[in-house]
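Enquirer: A single structure is presented below for examination.
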Amino acid sequence: MATDTLVKPARTGSAGPPGWRRLLGSWDAILILALLLVVLVATATIEGVGSPRFYRFVVLEAIPIALIALPMTLVIITGEIDLSVASTVGLTCSVLGQLWYLGVTSLPVLIVLSLLLGAVLGAVNGVFITVFGLPSLAVTIGTLALYRGLAYVVLGDRAIADYPPAWTQNAVAPIPGTVIPWFVLVLAALAVVFGVVLYLTPIGRSLYAIGNNAEASTFAGISVLRTKFWLFVATGAMAALAGVFWTFRFASARADNATGLELAVVAAVLLGGVSIFGGRGGLVGVLAAVALLGVLRNALQLADVPANALTIVTGTLLILSVVGPNLVRMARERLRRRRPVTTPLERTSS
Amino acid sequence: MLPVLALKSVDKSFGAVAALRDARLELYAGEAHALVGENGAGKSTLVKILAGVHSPDAGIVSLEGQPVAFGSPADARAAGIAVIYQEPTLFPDLSVAENIFMGRQPLKGLRRIDASAMRERTNELFARLGVRIDPDRPARGLSIADQQLVEIAKALSFDARVVVMDEPTAALSGVEVERLFAVARSLRDNGAAILFISHRFDEVFSLCQRITVMRDGRWIATDEIGNLTVEGVVRTMVGRDISALFPKVPTEPGEVRLEVDGLTRHGYFEDVSFTVRGGEIVALAGLVGAGRSEVARAVFGIDRYDAGEVRVDGRRLRPGDPSAAIAADLALVPEDRRQQGLVMELSIERNATLPRRWALSRLGLLFGASERRSAAEWARRLQVKAARNSDPVSTLSGGNQQKVVLAKWLSTAPRVLMIDEPTRGIDVGTKSEVHRLLSQLAAEGVAVLMVSSELPEVLGMADRVLVMHEGRLVADIPRDQADEESVMFAATGQREAAA
């Protein structure tokens, strides 16, 4: 064993590629502290916050956002973005409703078909982005409109709402002995899967490499385009799962389901410390950000803060989320510059 | 007569690397002056100082006897110095006339741009140059030659006294070169000073009156063209001792490992065939732009190729797939280590283990320990100087970064190692460590293909020297016949040796 090296063993536990582990750790810590603070202050000052019912509602609202934020985090780490996710939810809801309306009565069949549809919609994004080399921002703004339009083609202004009560009740049923919806366990399991992929597999290593430097990743034998393609497929499938949950939670499939949800997802991912430029961030911060935004929104609603003000709060947080980690990073880098680390090469090739 | 532009004992360093040491140049009005030297002799740095991109650390730049200091390219242009680059950077979606007058468009009332005046003046400029380009057409789609002429028209439009042409002919056809030279001669005869940088001696001798030779960032000689021969210039360019820095151990070449057969990528290289045996170090020499790196990239699968094939140990390699190349035990240490070799923001550990991320995983999982162990071992073997292997590679010096790239690829236990500019921008001590390492790898039976622009390195390390000139392999010189002149002659297209 190489024990006599200059190298100190790095700390165990993996919260992101080392080196920035401390940086991200600190942003994660700030988010979790902010979450605790908001919970404490809101519980103390706003009536109704802190009740079991409150948390049940927060969790139900957060589930679809978190489901989509999981793959979105990976997508944004590679330097891409998918803005079509809410429309994918809407189209999945519409097709699911229409299939039920047309007589497909098997729940497993409906779920599998929905997930397949989501995967196909994600693959369409992926093909435009990786095969035709178009920017994901442009492509997914296009499919944001396209998929929503298709949802209206499928359902028009109808709402399909006559599902068996067992399905809709089961979707939101609590874990026995608690008020927390059982579906949160599905979310937790998926969060573990995505977390393992991001932190503990060669694929996760590739994602950070791609987001920081796609060219060097190619030279290291990483199939940059193939990786991105499958991320978009995964995003579509996860959005479809969110669509299935949405349909049964509200017992309603409508073409306008989840309109605007993509902004809530992207806001959570960015607030969670993922760099919009790719290469930085992780799931811990993102899940904390989903919780923080959910608690804050619901608490302010209970405090009778008007909807406009809620939007302003979300917007401010989003800007803070972009500025905050950068400020932290700049401060850290200034500290690090105290050490003489500038190299001749760094300057010549600028 | 006072020189229109003079550089006296100009020094310029980038960190520890001295790019120019005591560089000198005198340009007179009405002369075309050639600046020649090997790759890395400091020509580009000198051009950038003239262009106002860099400012010198020491020494004097003077215009007509007056010392000047350019703070920016705009200063240099205002002083009447125009630089025409090998690949001009025009705004592709603006018209030719707009490109010429960018930033100083003729105005009419209310500060509106006077488009017709701009068009007229563009036509006048082109008439003076004797060329026909539509001033209203967008720059996109112009040939490189026409783009250069647009740049020259721009230079004329602000009455440039000094026109610097940095390898302008590299991408031009014969006819286009003739046209460019006709334009250059008329500029010269109208009193402009032309600084012409080229590796093509026939062009230098047909256009220029005087030649300045640089080597290792220093001024070596300036002389009238009439006193010189091509051989004399080449010898002055390369003349230096090959020190004992290069510890190449003679090895008995083994089986053919890498076979490249008729490889063609149109526009980059044509019909390139060669083999590399185990235990052999083969250098791929040539001038910048000859297509050497492009061949290495194509072999490794970064770029696709139009014809030909690559075999490793007799097995055909799938084109366009670096992961297939890695699976076939091929490794490529690329030329640009900051852009291609490393992910600067990631740690030493992550970089050093990136190509082996699957090999190091167990059941597809990486807990970090195997990466840490592997990185620590290779960092120790290559003596990477770093505080912690979890620090980003951007905190390392150039030489240590190169060692991380080497660790990254040597840890894959390659049977064929392609290494592009192995010692560019690293200090002398690390250089010889890298050379010793390459020699040791060859002794262990690895087939090494080394792309290098440094002749001493090529001659000191290589068992065989392949020379490329303008996309073609023009010479295959065994070690005992390779010397500066034979390689340089082939590289400049002076001799077509048996490939």
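Enquirer: So the check is Cβ under 9 Å with 6+ separation or different chains; which pairs have a first residue in the range A:243-262 that's modelled with pLDDT under 95 and a second one that's acidic (D, E)?
Expert: Listed pairs, sorted by first residue: A:A251/A:D162; A:R254/A:D157; A:A255/A:D157; A:D256/A:D157; A:E262/A:D82.
Enquirer: Quick test of your reading of the structure: B:A375 fulfils all but one of (1) more than 7 Å from chain A (Cβ to nearest Cβ); (2) among the hydrophobic types (A, V, I, L, M, F, W, C); (3) free of Cβ contacts under 8 Å to residues at least 12 places away in the same chain. Name the failing condition by number.
Expert: Answer for B:A375: the failing condition is (3).
Enquirer: Just give me the residues in the range B:130-168 being of a type in the set (G, A, S) and either over 24 Å from B:F205 (Cβ atoms) or not in a loop (DSSP other than H, G, I, E, B) (or both), in sequence order.
Expert: Correct list: B:A139, B:G141, B:S143, B:A145, B:A153, B:A155, B:S157, B:A160.
Enquirer: In the range B:123-176, what count of residues is obtained for those that are free of Cβ contacts under 8 Å to residues at least 60 places away in the same chain, buried (at least 21 other Cβ atoms within 10 Å of the Cβ) and farther than 22 Å from B:R104 by Cβ?
Expert: Looking only at that region, the number is 1.
Enquirer: Then there is this: Filter the range A:168-206 for residues that are under 15 Å from the mean Cα position of the chain (by Cα) and of a type outside the set (A, V, I, L, M); which is surrounded by the fewest Cβ atoms within 10 Å (Cβ to Cβ)?
Expert: A:G195
Enquirer: Answer yes or no as to whether B:P56 is modelled with pLDDT under 90 and either over 19 Å from the mean Cα position of the chain (by Cα) or outside the structural domain of B:S9 (by TED's automatic domain parsing) (or both).
Expert: Working: modelled with pLDDT under 90: no; either over 19 Å from the mean Cα position of the chain (by Cα) or outside the structural domain of B:S9 (by TED's automatic domain parsing) (or both): yes.
Considered against the rule, which asks whether it is modelled with pLDDT under 90 and either over 19 Å from the mean Cα position of the chain (by Cα) or outside the structural domain of B:S9 (by TED's automatic domain parsing) (or both), B:P56 comes out as no.
Enquirer: Go through the range A:260-296 and report how many residues are surrounded by fewer than 24 Cβ atoms within 10 Å (Cβ to Cβ) and in a loop (DSSP other than H, G, I, E, B).
Expert: Of the residues in the range A:260-296, 7 are surrounded by fewer than 24 Cβ atoms within 10 Å (Cβ to Cβ) and in a loop (DSSP other than H, G, I, E, B).
Enquirer: Let me confirm something: among B:S432, B:S453, B:S439, which residue is within 20 Å of B:V404 (Cα to Cα), modelled with pLDDT under 85, polar (S, T, N, Q) and surrounded by fewer than 24 Cβ atoms within 10 Å (Cβ to Cβ)?
Expert: Numbers: B:S453 fails: within 20 Å of B:V404 (Cα to Cα); B:S439 fails: modelled with pLDDT under 85.
Residue meeting the stated conditions: B:S432.
Enquirer: Shifting gears a bit: Given the options B:D391, B:D420, name the one that is in contact with a helix residue (DSSP H, G or I) (Cβ under 6 Å, 6 or more places away or on another chain) and either among the basic types (K, R) or touching a residue at least 24 places away in the same chain (Cβ under 8 Å) (or both).
Expert: Numbers: B:D391 fails: in contact with a helix residue (DSSP H, G or I) (Cβ under 6 Å, 6 or more places away or on another chain).
Among B:D391, B:D420, only B:D420 is in contact with a helix residue (DSSP H, G or I) (Cβ under 6 Å, 6 or more places away or on another chain) and either among the basic types (K, R) or touching a residue at least 24 places away in the same chain (Cβ under 8 Å) (or both).
Enquirer: Every residue in the range B:169-218 that is assigned to a helix (DSSP H, G or I) and among the basic types (K, R), please. Walk me through how you get there before you give the answer.
Expert: To start, the set of residues in the range B:169-218 that are assigned to a helix (DSSP H, G or I) comprises B:174-189, B:201-207.
Within the range B:169-218, B:R179, B:R185, B:R188 meet the criteria.
Residue by residue, here is whether (1) under 22 Å from A:T78 (Cβ atoms); (2) assigned to a strand (DSSP E or B); (3) more than 9 Å from every other protein chain (Cβ to nearest Cβ) holds:
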{"site": "B:A296", "(1), (2), (3)": "no, no, yes"}
{"site": "B:R311", "(1), (2), (3)": "no, yes, yes"}
{"site": "B:L332", "(1), (2), (3)": "no, yes, no"}
{"site": "B:V343", "(1), (2), (3)": "yes, no, no"}
{"site": "B:L354", "(1), (2), (3)": "yes, no, no"}
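Enquirer: Additional query: So, of the residues in the range B:392-403 that are at pLDDT 90 or above and over 23 Å from the mean Cα position of the chain (by Cα), which turns out to be nearest to the other protein chains (Cβ to nearest Cβ)?
Expert: B:P392
Enquirer: Also, quick follow-up: Inside the range A:177-200, can you point out the residues that are over 16 Å from A:L60 (Cα atoms) and not in a helix (DSSP H, G or I)?
Expert: A:G177, the sole residue that qualifies.
Enquirer: How many of the residues in the range B:39-72 are β-branched (V, I, T), part of a loop (DSSP other than H, G, I, E, B) and within 23 Å of B:T492 (Cβ to Cβ)?
Expert: Of the residues in the range B:39-72, the ones β-branched (V, I, T) are B:45, B:47, B:49, B:53, B:60-61, B:68.
Retained after the next criterion (residues that are part of a loop (DSSP other than H, G, I, E, B)): B:53.
Then keep just the ones that are within 23 Å of B:T492 (Cβ to Cβ); that gives none.
Looking only at that region, the number is 0.
Enquirer: Continuing with this model, one more query. Inspect all residues belonging to the range B:437-458 and state whether any of them is under 27 Å from B:F14 (Cα atoms) and within 14 Å of chain A (Cβ to nearest Cβ).
Expert: There is no residue in the range B:437-458 that is under 27 Å from B:F14 (Cα atoms) and within 14 Å of chain A (Cβ to nearest Cβ).
Enquirer: Being out of contact with any helix residue (DSSP H, G or I) (no Cβ under 8 Å at 6 or more places or on another chain) and surrounded by fewer than 23 Cβ atoms within 10 Å (Cβ to Cβ) is the requirement here; does A:A234 meet it? Reasoning before the result, please.
Expert: On the way: out of contact with any helix residue (DSSP H, G or I) (no Cβ under 8 Å at 6 or more places or on another chain): no; surrounded by fewer than 23 Cβ atoms within 10 Å (Cβ to Cβ): yes.
For A:A234, the condition - out of contact with any helix residue (DSSP H, G or I) (no Cβ under 8 Å at 6 or more places or on another chain) and surrounded by fewer than 23 Cβ atoms within 10 Å (Cβ to Cβ) - is not met.
Enquirer: Still on this structure, please answer the following. Would you pick out the residues in the range B:298-309 that are within 12 Å of another protein chain (Cβ to nearest Cβ) and of a type in the set (A, V, I, L, M, F, W, C)? Explain how you work it out, then say what you get.
Expert: Start the filter on the range B:298-309 by keeping residues that are within 12 Å of another protein chain (Cβ to nearest Cβ), which leaves B:300-303.
Of everything in the range B:298-309, those that are within 12 Å of another protein chain (Cβ to nearest Cβ) and of a type in the set (A, V, I, L, M, F, W, C) turn out to be B:F300, B:I302.
Enquirer: Quick check on this structure: which one of B:R424, B:R350, B:R388, B:R380 is within 8 Å of another protein chain (Cβ to nearest Cβ) and assigned to a loop (DSSP other than H, G, I, E, B)? If you could, list the steps in order and put the result at the bottom.
Expert: Numbers: B:R424 fails: within 8 Å of another protein chain (Cβ to nearest Cβ); B:R350 fails: assigned to a loop (DSSP other than H, G, I, E, B); B:R380 fails: assigned to a loop (DSSP other than H, G, I, E, B).
None of the other options fit; the residue is B:R388.
Enquirer: Please work out if B:A325 is in contact (Cβ under 8 Å) with a residue 12 or more places away in the chain, of a type outside the set (V, I, T), within 11 Å of chain A (Cβ to nearest Cβ) and touching a Phe, Trp or Tyr at 6+ places or on another chain (Cβ under 8 Å). Break it down stepwise before answering.
Expert: Values: in contact (Cβ under 8 Å) with a residue 12 or more places away in the chain: yes; of a type outside the set (V, I, T): yes; within 11 Å of chain A (Cβ to nearest Cβ): yes; touching a Phe, Trp or Tyr at 6+ places or on another chain (Cβ under 8 Å): yes.
Yes: the conditions hold for B:A325.
Enquirer: Can you tell me which residue among A:G13, A:G19 is in a loop (DSSP other than H, G, I, E, B), within 14 Å of chain B (Cβ to nearest Cβ), modelled with pLDDT under 90 and in contact with a strand residue (DSSP E or B) (Cβ under 9 Å, 6 or more places away or on another chain)?
Expert: On the way: A:G13 fails: in contact with a strand residue (DSSP E or B) (Cβ under 9 Å, 6 or more places away or on another chain).
The conditions single out A:G19.
Enquirer: For the range B:29-38, indicate whether the set of residues that are in contact with a Leu (Cβ under 7 Å, 6 or more places away or on another chain), in contact (Cβ under 8 Å) with a residue 60 or more places away in the chain and either farther than 30 Å from B:P422 by Cα or part of a helix (DSSP H, G or I) (or both) is non-empty.
Expert: Going through the range B:29-38, the residues in contact with a Leu (Cβ under 7 Å, 6 or more places away or on another chain) turn out to be B:32-33, B:35, B:38.
Then keep just the ones that are in contact (Cβ under 8 Å) with a residue 60 or more places away in the chain; that gives B:32-33, B:35, B:38.
From the residues that got through so far, the ones that are either farther than 30 Å from B:P422 by Cα or part of a helix (DSSP H, G or I) (or both) too are B:32-33.
Yes - at least one qualifying residue is present in the range B:29-38.
Enquirer: What residue, of A:I222, A:I203, is without any contact (Cβ under 8 Å) to a residue 40 or more places away in the chain, within 13 Å of another protein chain (Cβ to nearest Cβ), within 17 Å of A:I77 (Cα to Cα) and assigned to a loop (DSSP other than H, G, I, E, B)? Give the derivation first.
Expert: Working: A:I203 fails: assigned to a loop (DSSP other than H, G, I, E, B).
Residue meeting the stated conditions: A:I222.
Enquirer: Considering (1) part of a helix (DSSP H, G or I); (2) closer than 19 Å to B:A325 by Cβ; (3) without any contact (Cβ under 8 Å) to a residue 40 or more places away in the chain; (4) of a type outside the set (D, E, K, R), say which one B:W358 fails and leave the rest.
Expert: The single condition B:W358 does not satisfy is (1).
Enquirer: Step by step: first the residues of the range B:356-372, then only those that are facing chain A (nearest Cβ under 8 Å) and not aliphatic (A, V, I, L, M), then the one that is farthest from B:V404 (Cα to Cα). Which residue is that?
Expert: Only one residue fits best here, namely B:G364.
Enquirer: For the range B:469-499, enumerate the residues that are modelled with pLDDT of 90 or more, under 19 Å from B:A171 (Cβ atoms) and outside any loop (DSSP other than H, G, I, E, B).
Expert: Answer for the range B:469-499, where residues must be modelled with pLDDT of 90 or more, under 19 Å from B:A171 (Cβ atoms) and outside any loop (DSSP other than H, G, I, E, B): B:H469, B:R472, B:V474.
The values are calculated or read from the model by the stated rules, or taken from the named source; none is laboratory data. Computed from a prediction, not measured in an experiment: that's the story for all the values here. Note that we place each Cβ from the backbone using ideal geometry, even for glycine, and neighbour counts take in every protein chain shown.
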